[in-house]
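**Q** Pasting in a structure now, in structure tokens, and then I'll have a few things to ask.
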Amino acid sequence: MNSLKMIFPAKAENEHLARVAVTAFTASLGVDVSLIAEIKTAVSEAVTNCIVHAYRDKGGDITVILKARDNGTLHIKITDRGCGISDIKQARTPLWTSHPEEERAGLGFAVMESFCDKMTVKSAVGKGTTITLTKKLGQLEN
């Protein structure tokens, strides 16, 4: 198993940092370019949600943990300590947004889920949210 843990401030410019780090990590596993694109898009959505929704420009840290298992599965955990989600089922509904006045598409969770084999969301109001994405990569290079 190989792993990577990153902790960075919830700033817009760090969304790019997360994408680049995830790309480098998955590329080092010998993963197909199309899978890398899917993974970095899902992580980008998750990190953007932390910045835009969890902290609402009030600052805080985002933790991203990647674990490549020997069975060819990648687990990605994105955690914030922001405001939390009061209704996860509603938040996962395509086109729903907690801030319609900001012209948000409401597709973040749908995008993440479409690019992964499994997605779980755990959240507590006032304590934060953890999104776990699972992607089957196939046989990994050693």
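**Q** Using 0.36 nm times the number of residues separating Ala37 and Lys122, minus their current alpha carbon distance, what extension gain do you get?
**A** 28.1 nm
**Q** What FRET efficiency do you get for Ile88 and Ala12 if R0 is 25 Å and r is their Cβ-Cβ distance, rounded to the nearest 0.05?
**A** Numbers: r = 25 Å, r/R0 = 0.98.
Plugging the Cβ-Cβ distance into 1/(1 + (r/R0)^6) gives 0.55.
**Q** Continuing with the same structure: Please give the contour-minus-distance gain from Leu4 to Thr134: 0.36 nm per residue of separation, less the Cα-Cα distance, rounded to one decimal in nm.
**A** 45.3 nm
**Q** Can you give the Kirkwood hydrodynamic radius of the chain from its Cα pairs, in Å with one decimal?
**A** 15.2 Å
**Q** Work out the length of the dipole vector of the chain about its Cα centre, built from +1 on the beta-carbon of each Lys and Arg and -1 on the beta-carbon of each Asp and Glu, and round it to the nearest 20 debye. Intermediate results must be reported in sequence, preceding the final value.
**A** On the way: 18 positive and 16 negative charges, 102 e Å.
Charge dipole, the chain, about its Cα centre: 480 debye, nearest 20.
**Q** Between helix 13-27 and the chain, what is the angle of the helix's C-alpha long axis to the longest principal axis, kept within 0 to 90° and rounded to the nearest 10?
**A** For helix 13-27, the angle is close to 20 degrees.
**Q** If you don't mind, there's one more thing I want to ask. Hey, can you find the accessible area per residue of the chain for me, probe 1.4 Å, expressed in square angstrom? Please report the intermediate quantities before stating the final value.
**A** Numbers: 7810 Å² over 142 residues.
Result: 55 Å² of accessible area for each residue.
**Q** Same structure, new question: Please determine, in degrees from 0 to 90 and to the nearest 10, the orientation of helix 33-49 with respect to the longest principal axis defined by the Cα atoms of the chain, where the helix direction is its Cα long axis.
**A** Rounded to the nearest ten degrees, it is 30.
The values are calculated or read from the model by the stated rules, or taken from the named source; none is laboratory data. Here the structure is a predicted model, which is why all the values come from computation and not from measurement. So basically every Cβ, Gly included, is an ideal-geometry build from the backbone, and we count neighbours across all protein chains shown. In case anyone asks, the SASA skips ligands and DNA or RNA and just uses the protein heavy atoms, side chains included. Shrake-Rupley method; radii C 1.70, N 1.55, O 1.52, S 1.80 Å.
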